[in-house]
Amino acid sequence: METGGDNQPVNPLEEYEGLKEVKPKRNGVFLAEENEKFYVALSEEKVYELSALAYYVWLLCDGEHTVKEIAEKISNDVKIDVGEVIEPLVMSLKSLQGAGLVTF
């Protein structure tokens with residue numbers, strides 16, 4: 001589990017509060033889809049395999065919409081409460097950011 005600066009666990013809801021007005025932008029190029037895995041390249045040497053959720057989040061990171069708007073879109077698209085979307089969204093964004101596939 002990731003921890004904050006004082007070694008306290010980071011709460012995805014708290015992170016969401018800090019990110020919800022940010023407009024994430026995707027980096028990289030979609031290469032292919034095979035067996036529900038999606039391949040995105042940052043360069044010839046750096047190719048990432050994304051789950052369907054991570055790929056969907058990556059696609060929504062167009063630099064025009066806030067994290068809050070992305071959460072609302074996912075909520076509407078999959079017909080679940082936005083509160084249930086926040087944790088997987090934040091975790092996906094952090095993973096994508098760590099790989100360099102999304103910048104804030």
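Among the residues of segment 1-39 satisfying the criterion of being at pLDDT 95 or above and touching a Gly at 6+ places or on another chain (Cβ under 9 Å), which is nearest to Lys68 (Cα to Cα)?
Lys23
Between residues in segment 66-81 that are without any contact (Cβ under 8 Å) to a residue 12 or more places away in the chain and residues that are hydroxyl-bearing (Ser, Thr, Tyr) and surrounded by 15 or more Cβ atoms within 10 Å (Cβ to Cβ), which pairs lie under 9 Å by C-beta distance while being six or more apart or on different chains?
Filtered contacts from segment 66-81: Asp77/Tyr56; Asp81/Ser75.
For the chain, list the helices (runs of 4 or more DSSP H) that sit wholly inside it and hold at least 2 residues that are of a type in the set (Phe, Trp, Tyr) and surrounded by 11 or more Cβ atoms within 10 Å (Cβ to Cβ); which are they? Walk me through it before giving the result.
Numbers: elements: 12-19, 52-60, 67-78, 82-99.
By residue number, 52-60.
Can you say whether Val57 is in contact with a strand residue (DSSP E or B) (Cβ under 7 Å, 6 or more places away or on another chain), among the aliphatic types (A, V, I, L, M) and modelled with pLDDT of 95 or more, as far as the supplied structure shows?
Working: in contact with a strand residue (DSSP E or B) (Cβ under 7 Å, 6 or more places away or on another chain): no; among the aliphatic types (A, V, I, L, M): yes; modelled with pLDDT of 95 or more: yes.
Answer is no for this residue.
I need the full set of residues from segment 54-67 which are of a type outside the set (Phe, Trp, Tyr) and touching a helix residue (DSSP H, G or I) at 6+ places or on another chain (Cβ under 8 Å), in order please.
From segment 54-67, those of a type outside the set (Phe, Trp, Tyr) are 54, 57, 59-67; that's our starting set.
Selection gives Ala54, Val57, Leu60, Cys61, His65, Val67.
Hey, can you tell me all the residues within segment 15-61 that are under 18 Å from Ser75 (Cα atoms) and touching a Leu at 6+ places or on another chain (Cβ under 8 Å)?
Tyr16, Leu19, Pro24, Ala54, Val57, Trp58, Cys61
The values are calculated or read from the model by the stated rules, or taken from the named source; none is laboratory data. Just so we're clear, the structure is a prediction, and the values are computed from it rather than from any experiment. Quick reminder, even Gly has a Cβ in these numbers, built from the backbone with ideal geometry, and neighbours come from all protein chains shown.
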